[in-house]
Structures are given as C-alpha cells and as structure tokens.
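All remarks here apply to the structure that follows.
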Amino acid sequence: MNRPTTDSTVTADQKNDLDPAWIEHQLEHAKWFSNSTGGSNCVEVAFLDHGLVATRDSLNPHHSPQLYSEDEWTAFIAGAKNGLFDRKAATAPQRQAAASQQL
C-alpha cells in the first residue's frame, strides 16, 4: 500500500492503492461539512490532503465514507450544477445533453 508523495494529487487510479492507515488518519482528522436544513437527509463532505474528497451519510458517520479524487469530485459537481442528476426534472434526453456538456 502507498502513501501519497509530497505535494502530489491522488488520481482516481491511485486512490484504491492508498495505505489504509494513512486514509484512516486523514478521516480521523477531517473537518466534515454539510448543508444541513435541520432535517436528517444530509451528506457530509470532507476535503482531505492530496486532492482527495470524502463523503458520508450524516446519520451513519461510522460507516466507511466514499473517497473521490479531485478530478472525480470536480466532474461530479459540474454534473450536478448542469442538472445531470436531477431526478424530477431531467428526462433521458436532458441527462444526455447535460452529460455531453461535460465533455
């Protein structure tokens, strides 16, 4: 298992080969953010070292979070802003159009 080198950004391919102890240390010291509206449906986000982003369910913070590389997170946010993941509003053609805008 690997640890990121100094000043490097972890890629999508590299994140699955990271040392679990290094990841655990990162998560233990992470500052988690959420856009809480007072309800119970919150996703929390933490920005880790070397460009990694972690997400977790606020109701189950003890469960393993999902890790994303900086490029994966950027693509996800761009897709969300373009309506790619809108369940109610997006039809299949609209999702395809939004996805093509990502390229």
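The values are calculated or read from the model by the stated rules, or taken from the named source; none is laboratory data. Treat the numbers as computed from the prediction; the structure is a model and nothing was measured. Backbone-built Cβ (ideal geometry, glycine too); neighbour counts: all protein chains shown. Heads up: the accessible areas ignore ligands, DNA and RNA and are worked out on the full protein's heavy atoms, side chains in. Shrake-Rupley method; radii C 1.70, N 1.55, O 1.52, S 1.80 Å.
Remarks
- Pairs, first among the hydroxyl-bearing types (S, T, Y) in segment 49-64, second open to solvent by 50 Å² or more (accessible area, probe 1.4 Å), C-beta under 6 Å, six or more apart: T55/V43; T55/Q66; S58/S34
- Residue satisfying all of: in segment 31-41; modelled with pLDDT of 90 or more and in contact with an Asp or Glu (Cβ under 9 Å, 6 or more places away or on another chain); most open to solvent (accessible area, probe 1.4 Å) among these: F33
- Single residue of S64, S8 found to be open to solvent by 50 Å² or more (accessible area, probe 1.4 Å), at pLDDT 70 or above, in a loop (DSSP other than H, G, I, E, B) and small (G, A, S): S64
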